[in-house]
Structures are given as structure tokens and as C-alpha cells.
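Q: Dropping a structure here in C-alpha cells format, bear with me for questions.
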Amino acid sequence: MGKAITEKILSDHSEQKDFKPGDIIDVKVDFLLTNDISGPVAVQEFEKMGDGELFDNNRVAIVLDHFTPNKDVVSANVSKTMRDFAKSKGITHFYDAGYGIEHVILPQDGMVKSGDLVIGGDSHTTTYGALGAFSTGVGSTDVAGIMALGTTWLRVPEQMKFVLKGKPDKWINGKDIIVYIISKIGTDGALGKSMEITGDGVKYFDMDSRFTICNMGIEAGALNCIFNFDEITEIYEKNAGVSNYKIYKSDEDAEYDYVMEINLEELQPMVAAPHMPSNGRPVTELSDVNIDQVVIGSCTNGRIGDLRTAAQVVKGKKVSPNVRALLIPGSREVYLMALREGLIEIFTESGFTVCSPSCGPCFGGHLGILGRGERCVSTTNRNFVGRMGDKSSEVYLASPAVAAATAITGKITSPTEVA
Amino acid sequence: MIYRGKAIKYGDNINTDVILPGQYLNLTDERDLAAHCMEGIDSDFVNKVEKGDIIVGGSNFGCGSSREHAPIAIKASGVSCIIAKSFATIFYRNAINIGVPAVECPDAIDEINEGDILEVDIEKGTVKNITLGKSYNATVYPKSIQNLINVGGLVNYVKSIRGVN
Ligand code: SF4
């Protein structure tokens with residue numbers, strides 16, 4: 001019997017070879033990530049764990065991206081704790097305010113690569129599955145434990161397969177796929193399981209769209225979300241300057257507990273209405289909803305491909321006077337590319353405010369917090385109660401194309417109506 | 001280990017954003033975190049919670065972000081353990097790592113009323129609803145996880161592997 005890609009990667013990182021779903025196995029970690037949220041508690045717990053030695057100072061990244069540039073004294077002190085820790089431990093992959101959002105920069109800079117087993121102190125660590133890597137999120141104490149040992153335990157996931165078929169419309173983004181899937185299986189539809197995205201249709205999705213899909217696998221409760229390595233992955237790794245990656249693909253006869261087929265020809269742009277990522281509906285069903293703010297950015301949709309699509313929609317048009325439109329490039333590199341390609345000019349001319357790379361309002365941190373009853377269309381990944389501000393505010397999750405079209409009209413809008 | 005306390009009950013998909021809203025994530029002191037526990041869903045929680053209480057959730061309890069601030073806030077509020085139909089993976093790990101048992105007991109949940117007195121035996125894998133006089137089977141932890149709990153969480157576990165006290 002064949003094996004699925006996730007099982008192969010886990011097997012190559014564990015001494016236990018004969019495992020089945022539900023078993024607890026110990027795995028070797030290739031790369032560990034933490035930030036200014038999970039980091040401070042991790043540092044505190046790490047200090048309690050004994051000798052103070054890191055398992056490997058070249059395989060830990062610390063990214064200050066959530067409350068940065070620091071919004072207040074408390075956040076500034078948190079950042080300082082992490083900066084001092086990185087210095088004292090000689091951590092080579094330390095990224096201070098403005099460098100970018102963790103899940104954008106780790107693949108972009110080739111810190112994580114195809115075939116790796118990556119653990120991060122952030123739930124959206126599932127993002128790197130797009131590279132054909134195993135990646136998942138943990139909390140602070142687990143981060144501390146891995147900093148010390150370089151290993152951790154995992155519960156072996158059951159395998160789910162999502163098969164993309166046919167050719168999508170030009171405005172369809174990875175966001176539409178994942179919101180559609182979550183609307184079908186629910187926020188616990190993949191609880192503790194592995195989601196594999198496969199089928200002929202994957203060739204229509206570039207790496208930026210694949211990162212978006214894997215990023216939101218956690219919104220269905222998945223342990224990890226993964227694509228098989230293909231030509232698109234290969235080109236991405238080449239451009240990121242990575243050569244020592246490992247190629248993994250599922251066997252034809254691998255077994256899955258669940259298989260779902262998605263017909264891309266019929267898929268419309270999707271919007272997840274408040275207050276669950278599983279409330280996905282075709283954009284046309286929500287077309288009369290008025291919007292106060294639009295956010296384009298985050299680790300879900302803050303990459304250059306996302307900015308190019310959004311710029312195509314807003315070019316030569318003005319943001320509605322009723323909307324505050326925010327563009328937050330996912331990294332300094334993305335910002336620079338957008339600048340060189342003239343996208344920043346397009347956004348600024350149309351009335352967008354361009355912010356420095358950061359998580360910003362995605363989790364209610366800063367830069368665009370919502371007031372009472374306000375509504376936002378956002379390219380981020382969660383629309384829980386109060387996620388972006390006041391408890392009575394609302395977040396609608398959408399692709400960059402839908403967000404851009406909405407910024408222009410002030411109502412939830414399909415890009416076909418504007419572009 | 002047996003935990004006894006009164007039930008504070010919530011529904012399905014209780015996410016970590018409502019357990020501990022994002023704006024407080026720059027706090028690290030557990031008392032400060034406890035002061036905002038469950039604020040996104042139940043502003044009365046901090047007034048009604050008593051030492052030893054047991055939080056009861058539906059399915060997918062603790063979904064969303066990996067913030068350990070959520071179980072830390074729950075623990076610092078005095079809650080002794082959490083039972084639910086199912087837990088989100090990261091929350092489950094976090095709770096065990098810091099010493100708040102997270103016990104899956106799908107059969108018990110629907111019949112529990114707010115304020116019922118519950119008794120949870122994690123080694124035997126039972127939940128007793130003392131108020132209703134009923135007993136239910138809960139999921140027993142795998143051996144390696146039970147070991148982690150027995151030594152008092154991940155910090156002590158790592159210390160034991162490294163041979164430090
Ligand atoms: S952009 Fe949002 S989801 Fe992504 S790491 Fe930052 S806060 Fe988390």
C-alpha cells in the first residue's frame with residue numbers, strides 16, 4: 001500500500017516507522033519559528049527548562065511582526081525581550097519590525113523549504129505545506145521545548161484529499177478554494193487531520209495562492225495542509241535561492257479517509273460572512289452589504305501576486321468615500337517589488353493608505369481597528385467576534401480581487417463588476 | 001488525579017480570540033490575563049468563576065490561534081480542568097503542557113447544566129455529574145501524554161530528559 005506525502009515526511013523525521021493515525025510519535029524538527037506573541041512566554045518557559053542551550057541557533061527564527069512597529073510601551077518591552085534573547089543566544093534568523101510577516105518571509109527567504117518538518121509558535125504555520133513540507137503550529141511551551149530539544153511529539157493525522165478539477169475563472173484565487181472547502185466541511189471538519197490539495201486543477205494556482213490555501217487549513221482544524229511538489233514548486237524554490245530541498249509526492253495508491261472533488265469551472269469568488277470562516281457564500285449572495293473598511297494584506301493574502309491582482313482591479317479608479325482602504329504588504333521585499341512595478345502608486349492614487357509590513361489589524365493589534373458596528377472586508381483569515389476590534393464589529397473574509405472591488409464601490413462586490 | 005468543581009458551560013467552537021482577545025496579547029503576567037478571561041463571549045465569567053470550577057465546552061473547544069495566553073488565563077482564573085466534546089489540536093497541547101487537563105467526554109456534555117457539580121478522573125477516564133447522579137466514559141490519554149501530565153507538564157519533562165532539576 002502506498003503512502004501519502006504527509007506520512008512520508010513524518011516517517012523520514014521519526015524513528016518510529018510503523019505508525020498509524022492516532023499514534024503519538026516523536027519527530028525531529030528542521031526549523032522552528034516564534035514571534036512577539038508566542039515568543040515572550042516561550043522565552044520565560046525556556047529559561048525554566050535548565051541549561052539555556054538552544055538545540056541549534058541557525059534553525060530558529062524570531063520574527064517581530066504582530067505589534068510592530070511597537071504601538072505602546074508594553075509591546076515595546078515585549079519586542080525588547082525578544083531582541084535581547086536573540087542576541088544572547090546568537091540566533092541568526094532574527095527579524096525586527098518592518099521586515100515582514102513570518103509566514104511570508106520564511107518561504108520567501110528560503111528559511112523553510114520543500115520536504116522540511118517545520119513547527120511554529122503560530123497557528124498559521126500550516127502555510128508552508130504549499131512547498132511540499134510538513135508544517136504545523138504549537139503554543140509557547142511547546143516552542144520552548146523544541147528550542148531545548150529540537151524534537152517534539154505529534155499525533156499521526158488521518159489523511160484527507162481535496163481534488164481540484166477543471167479550469168477556474170480568471171479572478172479565482174486560492175482564497176476562494178479554501179473558503180469554499182471550509183464552508184463544506186466546517187471549522188472542525190479536518191480536526192487534527194491532514195489536508196492534501198491535489199488534482200489536475202492545482203496547476204492553475206501559483207505558489208502565492210497555494211500559501212493562501214495552506215494558511216487557512218487551520219481554520220478547518222487541520223494539523224497540516226499540503227501540496228505535492230511539482231514544477232511550480234521547483235521554480236519557486238529556485239527563485240528563493242534554495243537548492244538542498246527534498247521532493248515528496250503521494251503515491252498513486254495512497255489511502256485516504258476522506259476525498260472531496262472540487263469543480264473549478266463552477267466555483268465563484270467566495271466571501272466568509274461573520275463570525276466564522278466556515279460561513280462562506282458566493283460573493284453575489286452578499287452584494288448589498290455596505291462596508292466601512294477594506295484591508296488587503298496579512299500572511300494569507302499579502303504577497304506580490306495578491307497585490308498585483310488587487311492593483312489590476314483598482315487601477316484608474318477611486319476608493320469609495322465611505323471606505324477606509326488599507327494596503328499592508330506582507331514583507332519589505334513584497335513592498336519593494338510593488339514599488340518597482342508601480343503598484344504602490346496605483347494604490348495610493350486610488351485612495352488606499354499603504355502601511356508598513358506587519359500583521360496590523362488582522363488580529364486586532366493595531367493599524368485599522370474597527371469601531372462599534374463597523375464592517376470590514378479583509379483578505380485575512382479569521383472573522384471571529386471582535387477579531388478586528390469592537391465586539392459588535394464584523395469581518396468578511398475575501399480574496400484580494402473581491403476586497404479591491406469592494407473598496408471601489410463601498411459594497412461587497414465581485415471583481416467582474418468593476419474591472 | 002480527580003478534579004471536582006462546578007460547571008461553567010459554553011457552546012461549540014469556542015475560539016481563543018473570545019477566550020482572550022488579541023488586544024491583550026502583549027500582556028504576560030497571568031493575573032493580568034485572568035482579568036480578561038472569556039471576555040469576548042462572557043463578560044460575567046471573571047465574576048462568577050471560583051477556584052476548582054470546570055469549564056464545559058462543545059466541539060472544537062479552543063479553535064483558532066495558538067496563543068497560550070488563552071489556557072494560561074483559564075488556569076490563572078482558578079479553573080481546574082476543561083471538558084469538551086472535542087478540542088482544537090493546539091489548544092489541547094497547550095493545556096496539557098501548562099497543567100490544565102483537557103478531557104474529551106462527548107457523552108457527558110449535552111446533559112450538563114451550568115452550575116452542576118462534576119467530578120473528573122483523568123486516569124480512569126470518567127466524568128461524573130454529581131448533581132444528576134450520572135457517570136460517563138471519557139477518553140483516556142495515550143501513555144506518553146499521561147507521562148507528561150504525571151511529571152507536571154512539559155517544562156519538567158524537558159528537565160528530566162536533560163537530567164537537570
Ligand atoms: S497576519 Fe494575522 S493570521 Fe497572519 S500571523 Fe499575523 S496575526 Fe496571525
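Q: Is it fair to say A:D188 is assigned by TED's automatic domain parsing to the domain that holds A:E252 and more than 22 Å from B:G64 (Cβ to Cβ)?
A: no
Q: While we're here: Taking region B:1-46 on its own, how many of its residues are open to solvent by 50 Å² or more (accessible area, probe 1.4 Å) and β-branched (V, I, T)?
A: 4
Q: Also, I was wondering about something else. Residue check: is A:R281 under 30 Å from B:D12 (Cα atoms) and touching a strand residue (DSSP E or B) at 6+ places or on another chain (Cβ under 9 Å)?
A: Yes, satisfied.
Q: Out of region A:391-408, which residues are of a type in the set (D, E, K, R) and modelled with pLDDT of 95 or more?
A: Hit for region A:391-408 is A:E394, nothing else.
Q: Considering only region A:197-229, how many residues are surrounded by fewer than 24 Cβ atoms within 10 Å (Cβ to Cβ) and charged (D, E, K, R)?
A: The number of residues fulfilling the criteria is 3.
Q: Looking at A:G192, A:G199, A:G174, which one is under 30 Å from B:K159 (Cβ atoms), at pLDDT 95 or above and of a type in the set (G, A, S)?
A: Going through A:G192, A:G199, A:G174 in turn, the sole match is A:G192.
Q: As an exercise: evaluate A:K170 against (1) surrounded by fewer than 24 Cβ atoms within 10 Å (Cβ to Cβ); (2) under 29 Å from A:V402 (Cβ atoms); (3) in contact (Cβ under 8 Å) with a residue 24 or more places away in the chain and give the number of the one condition it does not meet.
A: (3)
Q: Please verify whether A:V313 is in a helix (DSSP H, G or I), of a type in the set (A, V, I, L, M) and closer than 22 Å to A:K411 by Cβ, treating the condition exactly as stated.
A: Yes: the conditions hold for A:V313.
For (1) more than 30 Å from A:H13 (Cα to Cα); (2) more than 16 Å from the ligand (Cβ to nearest atom); (3) not assigned by TED's automatic domain parsing to the domain that holds A:I346, each residue gets a yes or a no:
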site: A:N239; (1), (2), (3): no, yes, yes
site: A:K246; (1), (2), (3): no, yes, yes
site: A:D253; (1), (2), (3): no, yes, yes
site: A:I291; (1), (2), (3): yes, yes, no
site: A:G297; (1), (2), (3): yes, no, no
site: A:T300; (1), (2), (3): no, no, no
site: A:A310; (1), (2), (3): yes, yes, no
site: A:L327; (1), (2), (3): yes, no, no
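Q: Please count how many residues of region A:174-185 are open to solvent by 20 Å² or more (accessible area, probe 1.4 Å) and of a type outside the set (K, R).
A: Result for region A:174-185: 3.
Residue-wise test of (1) within 14 Å of the ligand (Cβ to nearest atom); (2) under 22 Å from B:G22 (Cα atoms); (3) not assigned by TED's automatic domain parsing to the domain that holds A:G297.
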| site | (1), (2), (3) |
| --- | --- |
| A:D65 | yes, yes, yes |
| A:V74 | no, yes, yes |
| A:V78 | no, yes, yes |
| A:A86 | no, no, yes |
| A:G100 | yes, yes, yes |
| A:P107 | yes, no, yes |
| A:T126 | yes, yes, yes |
| A:S135 | yes, no, yes |
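Q: Further question: Mind checking which helices (runs of 4 or more DSSP H) fall wholly inside region B:47-165 and carry at least 2 residues that are open to solvent by 10 Å² or more (accessible area, probe 1.4 Å), farther than 30 Å from A:C225 by Cα and at pLDDT below 95?
A: In region B:47-165, the matching helices (runs of 4 or more DSSP H) lie at B:154-162.
Q: State all residues of region B:98-127 that are of a type in the set (D, E, K, R) and under 30 Å from A:S38 (Cα atoms); if no residue qualifies, say none.
A: Answer for region B:98-127, where residues must be of a type in the set (D, E, K, R) and under 30 Å from A:S38 (Cα atoms): just B:E104.
Q: What's the number of the condition A:L191 fails, among (1) under 18 Å from A:V112 (Cα atoms); (2) surrounded by fewer than 24 Cβ atoms within 10 Å (Cβ to Cβ)?
A: For A:L191, the failing item is (1).
Q: Sort out which residues of region B:8-53 are more than 26 Å from A:M276 (Cα to Cα) and away from chain A (no Cβ under 12 Å), and write them in order of number.
A: B:R31, B:N47, B:K48, B:V49, B:E50, B:K51, B:G52, B:D53
Q: Follow-up question, since we're still on this one. If I ask for residues that are of a type in the set (A, V, I, L, M, F, W, C) and not in a loop (DSSP other than H, G, I, E, B), which ones from region B:1-46 would you list?
A: Those that are of a type in the set (A, V, I, L, M, F, W, C) and not in a loop (DSSP other than H, G, I, E, B): B:I2, B:A7, B:I8, B:V18, B:I19, B:L33, B:A34, B:F45, B:V46.
Q: Of everything in region A:271-285 that's open to solvent by less than 10 Å² (accessible area, probe 1.4 Å) and more than 16 Å from the ligand (Cβ to nearest atom), which residue is farthest from A:L343 (Cα to Cα)?
A: Out of the qualifying residues, it is A:A273.
Q: Another question about this same structure. Let me confirm something: among A:S331, A:S358, which residue is of a type in the set (S, T, N, Q), under 22 Å from the mean Cα position of the chain (by Cα) and under 14 Å from A:F67 (Cβ atoms)?
A: A:S358
Q: Select from region A:145-197 the residues that are within 14 Å of chain B (Cβ to nearest Cβ) and among the small types (G, A, S) and list them in ascending order.
A: Across region A:145-197, the qualifying residues are A:G145, A:A148, A:G150, A:G186, A:G189, A:A190, A:G192, A:S194.
Q: Could you please give the count of residues in region A:194-213 that are within 17 Å of A:T125 (Cβ to Cβ) and assigned to a helix (DSSP H, G or I)?
A: 5
The values are calculated or read from the model by the stated rules, or taken from the named source; none is laboratory data. Just so you know, these numbers come straight off a predicted model, no measurement behind them. A quick note on method: Cβ atoms are made from the backbone with ideal geometry, for glycine too, and the neighbour counts reach across all protein chains shown. These accessible areas exclude ligands, DNA and RNA; they are computed on the full protein's heavy atoms, side chains included. Shrake-Rupley method; radii C 1.70, N 1.55, O 1.52, S 1.80 Å.
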